[in-house]
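Here's the structure, in structure tokens; my notes come after.
The values are calculated or read from the model by the stated rules, or taken from the named source; none is laboratory data. Remember, predicted model here, so these are calculated numbers, not experimental data. Cβ placement follows ideal geometry from the backbone for every residue including glycine, while neighbour counts extend to all protein chains displayed. These accessible areas exclude ligands, DNA and RNA; they are computed on the full protein's heavy atoms, side chains included. Shrake-Rupley method; radii C 1.70, N 1.55, O 1.52, S 1.80 Å.
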Amino acid sequence: MALAQRSMRRMQQQQQQQQPRGRASAQAIASATCAAASASAGTLPRGTCRGPSRLARRPVGVRVLAQGEEAGSTGSAVPTAGSSDAKGMLTPPRRVTEKESVVDMPPEVRQHFWEWTVPGSTLLTRVRYFQAGTSGPLLLLLHGFGVGAYHYERNMAELSKHCRVYAVDILGQGSSWPVRAAMPEDRLYISVDTWRQQLYDFATSVMGASSDARMYVAGNSLGGLLAVQLGALHPDLVRGLVLLNATPFWSFRPALQEARQGIWGLMPPGFGSVPVPPGLKGFIGRYWWNTLRQPNTVRSMLQLVYSNSNSVDEDTISRILLATEQPFALDIFSAIALAPKPVLDFDVALSRLTSPVLMLYGREDPWVVPMWGQRLKRHLPSAQYLELSPAGHCPHHEVPNTVNWALTSWISSGHQAPVPEGEACDIEESPGRMVKIRHLRGGASDGPSNWLSRLFEWFDNMRKPRAVTPKVQ
């Protein structure tokens, strides 16, 4: 609670400071973007590591279909502002225009749509994904909560030189949505287990992943948690994992398979699935949803978790807001808030991993603070832990050149970290901007720790979670 209060105070301070210097902030963002697009990698000082051969950039003029534009699609077009059936919904400050709905990606990257039927129902969904690269191992990129596959726009072109890269929107995020309103009989829970099943079907049906063609999976935040779930439950498909500030927890409701449901056991069958009861959905919309989807709130939250606020671009903010105007957005958001935990606890999933793991963690992350990365390293001593600084919660988007270099070096070298254990080096992210990479030592007992992490370890030893053996397809 204290952390949440500090975060809100910081967001309010940023919003107060933002108004008088709005023009200067926009100019700073534009200058940073132009510099990254036009600069080329030069000779680095002695004693530093060399990053990618060129800086990631996003060429203009590449138009990708917006949601609802594909010929023959059954998906919905972008709705008008304020369209919602929730009582008390506020009208958004402006409508996201057709021009703003266009996603600019490098010419190597192509957008596609895939139809996926929710298992156990007839509910059809339309899933967006991006693909780049024609040779090399398969690589699946998983985004965090609230964004979409476009969040890897600064990575895909460079990574596609080494891998066949796919980035997909998970259901209810970005441009992946049901084509009709979900009914109670669909039993659609917007949960980690649902997303994991979607990703498994995507990997086998679209990417062609199999035991003979295994894939690498890289995930940020929620995407990192999903990567661990895939690695634990489908080890025959996963060749290696790359975790980017992976969140170690999701939801507060017990897994549906748990015998002890507490107060949740008093709810009617299907409670928490889509559609959410209108009264509850209206309450969430009025007191939570409408605040979160305001442009200033989105901007402040992003600036809070990036170590360099200039890395937060207006395109990302507009795309996040665009998703909130989807016809089923409030229903999906409400269902996420009520979703059950995954069948596998995060720590249990870690214990089942058999593939190599690379950790690329931003040190200045205020949410998944270094303690969580250190804790993961102690639970999984074989993981190679590279700490990036300065970098926040989304290192792939904030320091893309550093992440691209570390990830491709690790894959091409047969899972050898590009920095020796216990050592550090500097990467020139852009002219005059250096990022330090430290390869942290540690194992089950001697990993990096502090008093807070040791307190969490004590609680872990006390609670003794029971593992549930799931049924997987």
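Scanning the stretch 179-218 for residues that are over 21 Å from the mean Cα position of the chain (by Cα), hydroxyl-bearing (Ser, Thr, Tyr) and in a loop (DSSP other than H, G, I, E, B) turns up just one, Ser211. If you go through the stretch 331-356 and keep only what is open to solvent by less than 10 Å² (accessible area, probe 1.4 Å) and touching a Phe, Trp or Tyr at 6+ places or on another chain (Cβ under 9 Å), you end up with Ile332, Ser334, Ala335, Ala339, Pro340. Across the stretch 220-268, what is the total count of residues that are assigned to a strand (DSSP E or B) and modelled with pLDDT under 95? Count: 1. Taking the criterion of being surrounded by fewer than 19 Cβ atoms within 10 Å (Cβ to Cβ) and on the phi > 0 side of the Ramachandran plot, the residues of the stretch 238-268 that qualify are Ser251, Gly262. Give me the pairs, please: first residue somewhere in the stretch 107-136 and on the phi > 0 side of the Ramachandran plot, second residue anywhere and outside any strand (DSSP E or B) and open to solvent by less than 70 Å² (accessible area, probe 1.4 Å), beta-carbon distance under 6 Å, and either six or more positions apart or on two chains. Partner pairs satisfying both residue conditions: Gly133/Ser160; Gly133/Cys163; Gly136/Cys163. Taking the criterion of being over 17 Å from Arg196 (Cβ atoms) and within 21 Å of the chain's Cα centre (by Cα), the residues of the stretch 243-278 that qualify are Leu244, Asn245, Phe252.
Filtered by the rule that a residue be surrounded by 15 or more Cβ atoms within 10 Å (Cβ to Cβ) and under 25 Å from the mean Cα position of the chain (by Cα), the stretch 279-295 gives Lys281, Ile284, Gly285, Trp289, Asn290, Arg293, Gln294, Pro295.
When the stretch 349-380 is filtered for residues that are free of Cβ contacts under 8 Å to residues at least 60 places away in the same chain and within 25 Å of Ala149 (Cβ to Cβ), only Glu364 remains.
Of all residues in the stretch 402-424, those satisfying the criterion of being out of contact with any Phe, Trp or Tyr (no Cβ under 8 Å at 6 or more places or on another chain) and open to solvent by 10 Å² or more (accessible area, probe 1.4 Å) are Trp405, Thr408, Ser409, Ser412, Ser413, Gly414, His415, Pro420, Glu421, Gly422, Glu423, Ala424. Could you go through the stretch 228-239 and let me know if any residue there is closer than 27 Å to Arg180 by Cβ, more than 20 Å from the chain's Cα centre (by Cα) and not polar (S, T, N, Q). No: zero hits.
Among the residues of the stretch 163-178, how many are more than 17 Å from Arg110 (Cβ to Cβ), in contact with a Ser or Thr (Cβ under 8 Å, 6 or more places away or on another chain) and not in a strand (DSSP E or B)?
Residues flagged as more than 17 Å from Arg110 (Cβ to Cβ), in contact with a Ser or Thr (Cβ under 8 Å, 6 or more places away or on another chain) and not in a strand (DSSP E or B) within the stretch 163-178 amount to 2.
Selection of first residues in the stretch 381-394 that are farther than 15 Å from Asn220 by Cβ and of second residues that are outside any strand (DSSP E or B) and among the acidic types (Asp, Glu), restricted to Cβ pairs under 7 Å at least 6 apart or on distinct chains, gives the following pairs, ordered by first then second residue: Ser389/Glu364; Pro390/Glu364.
The combined condition, being of a type in the set (Lys, Arg), surrounded by 21 or more Cβ atoms within 10 Å (Cβ to Cβ) and farther than 16 Å from Ser311 by Cα, is fulfilled by Lys377. When every residue of the stretch 121-136 is checked against the conditions, none turns out to be touching a His at 6+ places or on another chain (Cβ under 7 Å) and under 23 Å from Ser251 (Cβ atoms). Among the residues here, Ser300 does not qualify as more than 21 Å from Ile320 (Cβ to Cβ), open to solvent by less than 70 Å² (accessible area, probe 1.4 Å) and not β-branched (Val, Ile, Thr).
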